[in-house]
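Enquirer: Here you go, one structure.
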Amino acid sequence: MKNILTALILFFCTEADAQWFTQQSGTTSPLYDIEFINDKTGWCCGEEGYIIKTTNGGINWIRQGQGVTSRPLYGIHPVDSNTVFAAGLFRDIVKTTNGGADWILIQSGGLGDGTYTCTFFINENTGWFGNFDGLEYGVRKTTDGGQTIFTSPFLGHPEDLYFKDSLNGIGVSGASQIHKTSNGGENWHTFAIAPSGDFYRVSFINDNTGFTASHRAVFRTTDFGNTWDSIGNIPAIVSSIDFASCRVGYAGTSYSILKSNDSGSTWTAQVSTGVVYSIESYNDTLIWTCGNAGRIWHTSNGGVSFVENNSTKLPDSFTLHQNYPNPFNSFTRFDYEIAEPGMYSLKVYDLRGKEIRELFNMNLSRGVYSITYDAGELSSGIYFYTLSNNLQQKTLKMLVLK
């Protein structure tokens, strides 16, 4: 019996080490941005002025800044372990200079004043805010830690900003537009690099190489934004993208986290999450994301989606296995085998045949796969999950017990 228990413990530890897990954020409202300064300390912000901090990699998240604002905060940026800025609706800017022990509201507007969608600081004094709606679109800048703000001309609705120094910056916005400045934001050069879709995030791994994504298309620059090449496709609207190295990147969509191991050329679904608004890749394997329903997803080993076949040959049939565990309360895993490369989707349905969730709809190569599904949105009952392509489909039943 002892040997059996030991084997079970090792099995579950192995499974746990190889998966994505949710961390407790203390809220069920959306979380919009998550940023870390090292492998332990980070901040996250969201609806109703919600700010949380961790100093142990997310094992515990502690509420901060209660009462400083009740408006949504869409962007947060820690300069160091002490100074952190967050910004959001009606141009609210909140700030801490002691690691979050105290937060102050340093700027605030009213109805019609617009929204700060993102923020980026290069030091405790100099930073930029993306401004959306209101009478003025564009970027605003401060050189005194947010006490005074002045407008920087910017043609578009800024969604994300990155500066490598006080002069050179990149912004992304709707209509697949890239914006570049070489004088600290006094002037911006704007150009579109895709036929359609919006850019929501931009990620740089060094002074020259960066990535962004629009509807289905992934782009890379190696000259700090002068030119961009289309390098891959994601079959969904990409709400967030982040690379920690040139090779490994993560993307968030309206229903899942995806991973690339080949510099963005191909992508594989990792876990069904709901909307992912922000991804923080500390390195290739240590990742946090935040999104709808207050969920923070985390992996410490790069997650798992593709599992190589233990046999000497790849699958020769189209197979969908029974989910495990089943019945289950919140999380379960779907394992499946693809013999012919092509477009595949995995969907969850209720007893009436209504689609509940599309876990992925993407191009898959031949291989053995698994994906973890968070069924927190489901009530107790019987559900079905279907793996399909243009020629065939497999459907199995599962039981949720709450």
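Enquirer: Could you name every one of the strands (runs of 3 or more DSSP E) located completely within the range 66-138 that has at least 3 residues being more than 25 Å from the chain's Cα centre (by Cα)? Reasoning before the result, please.
Expert: Numbers: elements: 73-78, 84-88, 93-96, 104-107, 115-121, 127-132.
Counting at least 3 such residues, we get 104-107.
Enquirer: Same structure, new question: From the list F150, F120, which one is among the hydrophobic types (A, V, I, L, M, F, W, C) and within 23 Å of S214 (Cβ to Cβ)? I'd like the intermediate steps shown before the answer.
Expert: On the way: F150 fails: within 23 Å of S214 (Cβ to Cβ).
Answer to the check: F120.
Enquirer: Quick one: T148 ticks every box in (1) surrounded by 23 or more Cβ atoms within 10 Å (Cβ to Cβ); (2) over 20 Å from the mean Cα position of the chain (by Cα); (3) among the hydroxyl-bearing types (S, T, Y) except a single one, so which number is it?
Expert: Only one criterion in (1) surrounded by 23 or more Cβ atoms within 10 Å (Cβ to Cβ); (2) over 20 Å from the mean Cα position of the chain (by Cα); (3) among the hydroxyl-bearing types (S, T, Y) is unmet by T148, namely (1).
Enquirer: What about I257, is it out of contact with any Leu (no Cβ under 6 Å at 6 or more places or on another chain) and surrounded by fewer than 24 Cβ atoms within 10 Å (Cβ to Cβ)? I'd like the intermediate steps shown before the answer.
Expert: Details: out of contact with any Leu (no Cβ under 6 Å at 6 or more places or on another chain): yes; surrounded by fewer than 24 Cβ atoms within 10 Å (Cβ to Cβ): no.
Taking the combined requirement at face value, the residue does not satisfy it.
Enquirer: Can you list residue pairs whose Cβ atoms sit under 6 Å apart, with the first residue in the range 54-71 being of a type in the set (S, T, Y) and the second being at pLDDT 95 or above and in a loop (DSSP other than H, G, I, E, B)? Count only pairs 6 or more apart in sequence or on different chains.
Expert: Close Cβ pairs satisfying both conditions: T54/W61; T55/K40; T55/T41; T69/D92.
Enquirer: Considering only the range 268-286, how many residues are within 20 Å of S245 (Cα to Cα), without any contact (Cβ under 8 Å) to a residue 60 or more places away in the chain and surrounded by 24 or more Cβ atoms within 10 Å (Cβ to Cβ)?
Expert: Total meeting the criteria: 0.
For (1) among the aromatic types (F, W, Y); (2) touching a residue at least 12 places away in the same chain (Cβ under 8 Å), each residue gets a yes or a no:
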position: G174; (1), (2): no, yes
position: S182; (1), (2): no, yes
position: G185; (1), (2): no, yes
position: F199; (1), (2): yes, yes
position: S203; (1), (2): no, yes
position: N206; (1), (2): no, no
position: F211; (1), (2): yes, yes
position: S214; (1), (2): no, yes
position: A217; (1), (2): no, yes
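Residue by residue, here is whether (1) part of a strand (DSSP E or B); (2) basic (K, R) holds:
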| residue | (1), (2) |
| --- | --- |
| R333 | yes, yes |
| E340 | no, no |
| Y344 | yes, no |
| R352 | no, yes |
| I371 | yes, no |
| G376 | no, no |
| I382 | yes, no |
| K394 | yes, yes |
| K402 | no, yes |
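Enquirer: Name every residue in the range 191-231 that is among the aromatic types (F, W, Y), assigned to a loop (DSSP other than H, G, I, E, B) and either within 17 Å of T253 (Cβ to Cβ) or under 16 Å from the mean Cα position of the chain (by Cα) (or both), in order of residue number.
Expert: The answer is F199, Y200.
The values are calculated or read from the model by the stated rules, or taken from the named source; none is laboratory data. Remember, it's a predicted structure, so these values are computed and weren't measured experimentally. Positions of Cβ are generated from backbone atoms using ideal geometry, with glycine treated the same way; all protein chains shown enter the neighbour counts.
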